[in-house]
Amino acid sequence: MTDKILVTRSSMPEIEEYIEEIKDIWDTHWLTNMGSKHKRLQKELEDFLGVEQVELFTNGHMALELCLQAMNLPKNSEVITTPFTFASTTHAIVRNGLEPVFCDINADNYTIDTSKIEELITDNTSAIMPVHVYGNICNIEEIERIAKKYGLKVIYDAAHAFHVSYKGQGIGSFGDVSCFSFHATKVFHCIEGGAACFKDKDFGIELYRLKNFGIRGPEIIDGVGANAKLNEFCAAMGLCNLRHIDEEIAKRKKVVERYHLHLTGIDGLQLNPVQADVTPNYAYYPVIFMEKAFGASRNEVFDALEAKNIGARKYFYPLTNSFDCFHGKYNPNLTPTALHISKRVLTLPLYSDLAMEDVDKICEIILECRK
Ligand SMILES: *Cc1c(COP(=O)(O)O)cnc(C)c1O
């Protein structure tokens, strides 16, 4: 029996490269609290992502959660978002004492359906929190127009969209703030880590304070902050991985093209779109299975892969607006496209060193499911 193929496998630098990078930590004994690796990574990311300011965090979730807190939105105000996302997006809103209002998604790229945003806006709406799902980018111009018209803040969850650009501009430069995740499973990672990208200097000062216990100076603690600092070992992993990011994405592209070769033009399969003016990052390979036309359901394909030791992922399923923790508070039927997609989507294994023969095998198993 061959080893299990997981849906993802973290890329790592050569061990020698990482050891070289962490060596001087044994001279300085500076392990965390915004040390030299942290500072270097911050600067390198600002240049690499083409954004004005980067604040680093211990993970992507804390970036989202503390960005919302730093915005100081009115208590209990409403944040328009989508349910077709990872738990983190919705939880960041709820944990801030804000009210998520769920907007439906586009059927073709799974991002927020901007034609449905305005009907959800009330006097109590304070912000929009859209997600660049699978690295597909949202309708940025339309979101900007709506935000401007109604005076709303925009916080992008860009966790899937590292190194994606739109019309030549880094994806992190849109909205009031864009947040990335540097979790081990993402295209670029720091083991665990995250970042917020923004322009407003005062917002940056507030964010920094919130990630470091509300400490403004040695004897001045004037905010009730959390602890969300990125440590030096994680920053060092980021510095190494950033050197190889182009190679990482090029290898992912090859895997995606191999999948396309087998799955393009098959009845009943919807593949991820190619978006105009977007340089993609090949973060995920989602497939929507239309049972009637294809001849097998998403769950049947999932089980068939599982039986052959291949881990695909029902990502995103369930929708965040049907999570048990919300006790039926939200109605997933009000976001019918998201509900439809979440019942039919499977993301297939995708990582830079996934072998072409494995892609061939995975596709063969999928196509054999057809009745
Ligand atoms: C990974 C992810 C997050 C959270 O990032 P962490 O670094 O794991 O905390 C948030 N939103 C989305 C869409 C994600 O995929």
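The values are calculated or read from the model by the stated rules, or taken from the named source; none is laboratory data. Everything numeric in this text was worked out from a predicted model, so none of it was measured. No Cβ is skipped: glycine too gets one built from the backbone with ideal geometry, and neighbour counts run over all protein chains shown.
Kindly indicate whether Asp108 is more than 16 Å from the ligand (Cβ to nearest atom), of a type outside the set (A, V, I, L, M, F, W, C), more than 16 Å from Lys149 (Cβ to Cβ) and at pLDDT 95 or above. Yes, satisfied.
Can you pull out every residue in segment 93-130 that is of a type in the set (Lys, Arg) and more than 14 Å from Pro83 (Cβ to Cβ)? Spell out the reasoning first.
Step one: list which residues in segment 93-130 are of a type in the set (Lys, Arg), which gives 95, 116.
Selection gives Arg95 alone.
Restricting the first member to segment 303-332 and to residues that are closer than 25 Å to Leu348 by Cβ, and the second to residues that are part of a loop (DSSP other than H, G, I, E, B) and acidic (Asp, Glu), no beta-carbon pair is closer than 6 Å while six or more apart or on different chains.
Look at segment 170-203 and say how many of its residues are touching a residue at least 12 places away in the same chain (Cβ under 8 Å) and over 21 Å from the mean Cα position of the chain (by Cα). The number of residues fulfilling the criteria is 3. Checked against the criterion of being among the polar types (S, T, N, Q), in contact with a Pro (Cβ under 7 Å, 6 or more places away or on another chain) and over 30 Å from Ala226 (Cα atoms), the candidates Asn109, Asn139 yield just one match: Asn109. Name every residue in segment 16-73 that is of a type in the set (Ser, Thr, Tyr) and more than 16 Å from the ligand (Cβ to nearest atom), in order of residue number. Selection gives Tyr18, Thr28, Thr32, Ser36. Which of the residues spanning segment 79-114 are assigned to a strand (DSSP E or B) and touching a Gly at 6+ places or on another chain (Cβ under 8 Å)? If the condition is that a residue be assigned to a strand (DSSP E or B) and touching a Gly at 6+ places or on another chain (Cβ under 8 Å), then no residue fits. On inspection, Cys240 passes the criterion of being part of a helix (DSSP H, G or I), closer than 28 Å to Ile137 by Cα and either more than 13 Å from the ligand (Cβ to nearest atom) or β-branched (Val, Ile, Thr) (or both). Taking the stated definitions as given, is Lys167 more than 16 Å from the ligand (Cβ to nearest atom) and more than 13 Å from Gly50 (Cβ to Cβ)? When the stated conditions are applied, Lys167 does not pass them.
Just one of (1) more than 15 Å from the ligand (Cβ to nearest atom); (2) over 29 Å from Pro318 (Cα atoms); (3) touching a Gly at 6+ places or on another chain (Cβ under 7 Å) fails for Asn76. It is (2). The set of residues from segment 207-235 being in contact with an Asp or Glu (Cβ under 7 Å, 6 or more places away or on another chain) and part of a strand (DSSP E or B) comprises just one member, Arg216.
Within segment 13-65, take every residue that is without any contact (Cβ under 8 Å) to a residue 40 or more places away in the chain and not in a helix (DSSP H, G or I) and give me the one that is surrounded by the fewest Cβ atoms within 10 Å (Cβ to Cβ). The residue in question is His29.
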